Structure formats: C-alpha cells, structure tokens
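S.K.: Have a look at this one before I ask anything.
The values are calculated or read from the model by the stated rules, or taken from the named source; none is laboratory data. As the structure is a computational prediction, the values presented were derived from the model and not from experiment. Glycine gets a Cβ as well: all are built from the backbone with ideal geometry, and neighbour counts include every protein chain shown. Calculation scope for accessible area: heavy atoms of the full protein, side chains included, ligands and nucleic acids excluded. Shrake-Rupley method; radii C 1.70, N 1.55, O 1.52, S 1.80 Å.
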Amino acid sequence: MKNSVNALTIVFLGVCLIIGCWLISNSFIKNNVEVPSSNLQNQLLTRSELAQYLGISETAVDKLGPQSMGATTTSQIPYVKIGNTIYFPLKAIDSWLTKTEAVIVQ
C-alpha cells in the first residue's frame, strides 16, 4: 500500500512538473519574450577573424596577442585560451578599443 502511494505521488509530481513547464513556455511565446541563446560563434573571434575585424594583418594580431616570456604570458589585447586555441572575446575587444588611444605595431 505504501509503495503504491509513493509511486502515485512521484507520477503526480512528474505530471505537475511537465504542465508547469508547458505553461511557462506558453507564457513566453504569448508575451514574445526571447530566451537568450548562447551563440559563442559570434562572441569569440579567431586570429584571422580578429585581423579582419580590426582591419590589420594576422602578423599584427600576433604581435598584439599573447607573447610567452618564460613563465609569464603578456598580451596587449584581451584573449581566452581554450585548450590550445586562442580566441578573442568580441565584447572585450570592443571595450579595449574604446580604452586604447593608440597602439604602435612595429
């Protein structure tokens, strides 16, 4: 008897959860609320995409990007390293551009 009551309670809880999710999604659709999507393709740039975005050569990006000096790595522009690949966050690059007055690449 006790096991059947527990099973019925679990089934009822699952049905309530599904109905609640359905009601919430319908309210988003009715109110035209956009659920933000995490589209990293547009937020992280590769070296060549950054060069094209800034209008400079890829070698200039290499000079501005991360430089290993012994145990430390320095960079003039913001970057993220995922695995062995370096990406440049678009928002951080835009912020860096507004803060930076001039950078001379030789």
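S.K.: I'd like the full set of residues that are at pLDDT 65 or above, more than 20 Å from the chain's Cα centre (by Cα) and loosely packed, with under 11 Cβ neighbours inside 10 Å, limited to the range 26-58.
M.R.: Across the range 26-58, the qualifying residues are N26, S27, I29, K30, N31, N32, G55.
S.K.: Conditions: (1) among the aliphatic types (A, V, I, L, M); (2) in a strand (DSSP E or B); (3) touching a Leu at 6+ places or on another chain (Cβ under 8 Å). V61 meets all but one. Number of the miss?
M.R.: It fails just one condition, (2).
S.K.: If I go through the range 59-106 residue by residue, how many of them are open to solvent by 60 Å² or more (accessible area, probe 1.4 Å), farther than 24 Å from N42 by Cβ and out of contact with any strand residue (DSSP E or B) (no Cβ under 6 Å at 6 or more places or on another chain)?
M.R.: 13
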